[in-house]
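Below: one structure, written as structure tokens.
The values are calculated or read from the model by the stated rules, or taken from the named source; none is laboratory data. Since the model is a prediction, treat every value here as computed from it, not as a measurement. FYI the Cβ positions are ideal-geometry reconstructions off the backbone, even for glycines, and counts take in every protein chain you see. Remember, those area values only see protein heavy atoms, side chains included, never the ligands or the DNA or RNA. Shrake-Rupley method; radii C 1.70, N 1.55, O 1.52, S 1.80 Å.
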Amino acid sequence: FFKKYKLSIILGLIILVLSALPGYKLPDLRINAGDKIGHLIAYLALAATFSAEHARVLRWSSRTDRWLIVVGLICITYGLTLEVLQGTIFYQRTFDFADIAANTLGSVLGIVLYIMFFSSLKKYERFF
């Protein structure tokens, strides 16, 4: 399992660590909504990578399309779970609906990005 989804797992772990760190330990991006842009980019990368790795596992078959909804739901649920943990057990972190929206939008855009470039990914299969 780890071998097939190694990039997605690594991205998921990076997101987990960044979500668990106290807010004062995170870099100040000094731009309006920088935090939300960070959430969007992180979940876009996670969803696009997870989609590509899962397509490779399914050997680029037509079944991949049906699984994109599942991949999206997994990414959205992961973001929601981490946000709930921020509001309950992570030190100096808070629950934020805007973060959930950014995570969800990033997940959807990641899948859209994957769909737009589906045919070109097959030739770069060795990188996944």
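Taking the criterion of being open to solvent by 80 Å² or more (accessible area, probe 1.4 Å) and in a helix (DSSP H, G or I), the residues of the stretch 81-117 that qualify are 88, 97, 105, 115, 116.
Answer with yes or no whether residue 52 is at pLDDT below 95 and either part of a helix (DSSP H, G or I) or open to solvent by 90 Å² or more (accessible area, probe 1.4 Å) (or both). When the stated conditions are applied, residue 52 passes them. The numbered conditions (1) at pLDDT 95 or above; (2) among the polar types (S, T, N, Q); (3) crowded, with 17+ Cβ neighbours inside 10 Å are all true for residue 64 except (1).
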